[in-house]
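Asks: Pasting in a structure now, in structure tokens, and then I'll have a few things to ask.
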Amino acid sequence: MSDIDPYMEEVDPKWKEAFVKLKKVIDDHIPNGFEENFQNGMPTYIVPLSTYPEGYLGKKDTPLPFISIAAQKRHIALYHLGLYAEPELLEWFQEEYPNHMTTKLNMGKSCIRFTNSNNIPFSLLGQLVSKMTVNDWIALYEGQKK
């Protein structure tokens, strides 16, 4: 049993169905090479150390995170570090969002928040997840470090 299993069991029933569906959408759309892990207290899709041994922030024991998901008290959060690092991807997402949703985008630098479990654009999130490969993410991360 991974650390993700107990996390999934503890998700508030109010968010559970939508959270499980969000995780499945990510699992179904994330490009090959990313691995599921438990990082910073939440399910996270990472670049494994076998692929990127430099590690996150130079920590050789910490895989490079890409996407994390969390069920918070008042919302479901999707943290997509590519949105923070790649302006074109962020612009695409912000332009595409109104084509899928009638509600205002609730977003921080890399965090997309959904406060209504019945109003999540799963197909759009699947597209978002699929847009960046492991090699794309490593190159972008390396470029940001400079």
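Asks: Of (1) more than 21 Å from residue 89 (Cβ to Cβ); (2) surrounded by 20 or more Cβ atoms within 10 Å (Cβ to Cβ); (3) not aliphatic (A, V, I, L, M), residue 75 satisfies all except one. Which?
Replies: So residue 75 meets the others, but not (2).
Asks: When the residues of the stretch 103-125 are filtered to those that are crowded, with 17+ Cβ neighbours inside 10 Å and in contact (Cβ under 8 Å) with a residue 40 or more places away in the chain, which remaining residue is nearest to residue 12 (Cα to Cα)?
Replies: Filtering first and then ranking leaves 117.
Asks: I've got another one for you. Return the residue satisfying two criteria in turn: it lies in the stretch 43-66 and is surrounded by 17 or more Cβ atoms within 10 Å (Cβ to Cβ) and among the β-branched types (Val, Ile, Thr), and of such residues it is farthest from the chain's Cα centre (by Cα).
Replies: 47
Asks: Can you tell me which of 32, 40 is of a type in the set (S, T, N, Q), surrounded by fewer than 17 Cβ atoms within 10 Å (Cβ to Cβ) and closer than 19 Å to residue 126 by Cα? Show your work before the answer.
Replies: Working: 40 fails: closer than 19 Å to residue 126 by Cα.
Sole residue among the options that is of a type in the set (S, T, N, Q), surrounded by fewer than 17 Cβ atoms within 10 Å (Cβ to Cβ) and closer than 19 Å to residue 126 by Cα: 32.
Asks: Please tell me if residue 74 is basic (Lys, Arg) and assigned to a loop (DSSP other than H, G, I, E, B).
Replies: Working: basic (Lys, Arg): yes; assigned to a loop (DSSP other than H, G, I, E, B): yes.
For residue 74, the condition - basic (Lys, Arg) and assigned to a loop (DSSP other than H, G, I, E, B) - is met.
Just so you know, all these numbers are worked out from the coordinates, no wet-lab data involved. None of these values were measured; they are calculated from a predicted model. Glycine gets a Cβ as well: all are built from the backbone with ideal geometry, and neighbour counts include every protein chain shown.
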